[in-house]
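First comes the structure, then the notes that go with it.
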């Protein structure tokens, strides 16, 4: 029996007897020896909560599980694995799919029987109840911290670095990027065009590889940049040094609202500006609304050929569906993506992970040192800071993990079945349809022989 040992402690459990990493590992190794089991791998989650499955070693273990590297997962207690009923069911489902068993060294579970499953679910429900009660107490503590002017935690926004007491450091290079984003938007650029500009300039976001319209929008709507801090219903103005002036921030919000209103008022003619008459060497076709049948048509002003908008949209959405699910197009895009040079220095990131591990061990040693102990709050602040950076590195490494990458054929087989562009296009609003078509196509040419019921043909050029 090949066994995967999973060991976990949260930051505040490190000093508790029986929960420490060495204590768990020692007992689990002894348990395996008594059963005559072979230890295939040990996954040590140091300083991570069990509130969800987004833990570095948990994700690594699940990847190895899918590759068949072990037959059983062994933990010291169930709550080392998870404290969520939903996550437990998800894990048991994954275990079943890959014929992997689950055992606890200190509790009696048998996941192969209905009664065993019921029992483990009840225990997990109690663990979740305990965690939710803890969450309520934590929320109360957070509200108290805010009233005392202290930062309750979470990631610092791009451009800032906050410590627990709200001492704020502006990261100058990032702050200049934030200022550039606000100025570009104020000058008339949209989310996507700003993201493209930053990517072209080689400016990197903090976590992701590239900027996108969502990351730009988040920055443009965050009043942290004018010195305001929000937590739930609590709002603290003038809490820290602003990066953006309040007049510029208000101007951007007003511009954003106006553009949103403009999008709602988008013209009825989705294809105007992109649809041309192929019979007349590219003369633009104009949209008009026919009150008689309450439908939209497009007419060439030169030859007077016209067509119903629905005919064009039906054809073009079907063409896009075919285009993005065709094997040739799909694999060419994947090959380009998978062969793109990566400027991420993986060895350096792995070295940093090892350094973080040693730093955490150092702080834990100082915490239990009777001759030179460090305060508990100081330990938690340092460990949480290291955990945040560790999580950032793991997220980057997961994206470029070549060992776990599917082949192009596997990706095509899986993803092509999930793409249903036509379905989503049909239910989209007019603005979304127009924006999408203008993003994909440079121009669409309609050809039609003279006659009321003649079929149309389309040609197009892609951007």
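The values are calculated or read from the model by the stated rules, or taken from the named source; none is laboratory data. In this text the structure is predicted, and so the values were computed from the model without any measurement. Here the Cβ is made from the backbone with ideal geometry for all residues, glycine too, and neighbour counts use every protein chain on show.
Here are some notes:
- Filter result for residue 341 (in a loop (DSSP other than H, G, I, E, B) and either under 30 Å from residue 210 (Cβ atoms) or modelled with pLDDT under 80 (or both)): yes
- Under the condition of being part of a loop (DSSP other than H, G, I, E, B) and either farther than 20 Å from residue 447 by Cβ or touching a strand residue (DSSP E or B) at 6+ places or on another chain (Cβ under 9 Å) (or both), the residues counted in the stretch 284-304 number 7.
- Filtering the stretch 83-108 to residues that are modelled with pLDDT under 80 and within 22 Å of residue 26 (Cβ to Cβ) leaves 107, 108.
Residue by residue, here is whether (1) over 31 Å from the mean Cα position of the chain (by Cα); (2) farther than 27 Å from residue 389 by Cα; (3) modelled with pLDDT under 90 holds:
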| position | (1), (2), (3) |
| --- | --- |
| 23 | yes, no, yes |
| 43 | no, no, no |
| 56 | no, no, yes |
| 71 | no, yes, no |
| 81 | no, no, yes |
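- Qualifying residue in the stretch 236-244 (condition: over 30 Å from residue 457 (Cα atoms), exposed (fewer than 14 other Cβ atoms within 10 Å of the Cβ) and at pLDDT 85 or above): yes
- Unique match (being free of Cβ contacts under 8 Å to residues at least 24 places away in the same chain and surrounded by fewer than 21 Cβ atoms within 10 Å (Cβ to Cβ)) among 77, 33, 57, 69: 33
- In the stretch 45-54, the residues that are surrounded by 15 or more Cβ atoms within 10 Å (Cβ to Cβ) and free of Cβ contacts under 8 Å to residues at least 40 places away in the same chain: 45, 49, 53
- Only listed residue being closer than 16 Å to residue 320 by Cβ, modelled with pLDDT of 65 or more and under 25 Å from the mean Cα position of the chain (by Cα), chosen from 442, 435, 395: 435
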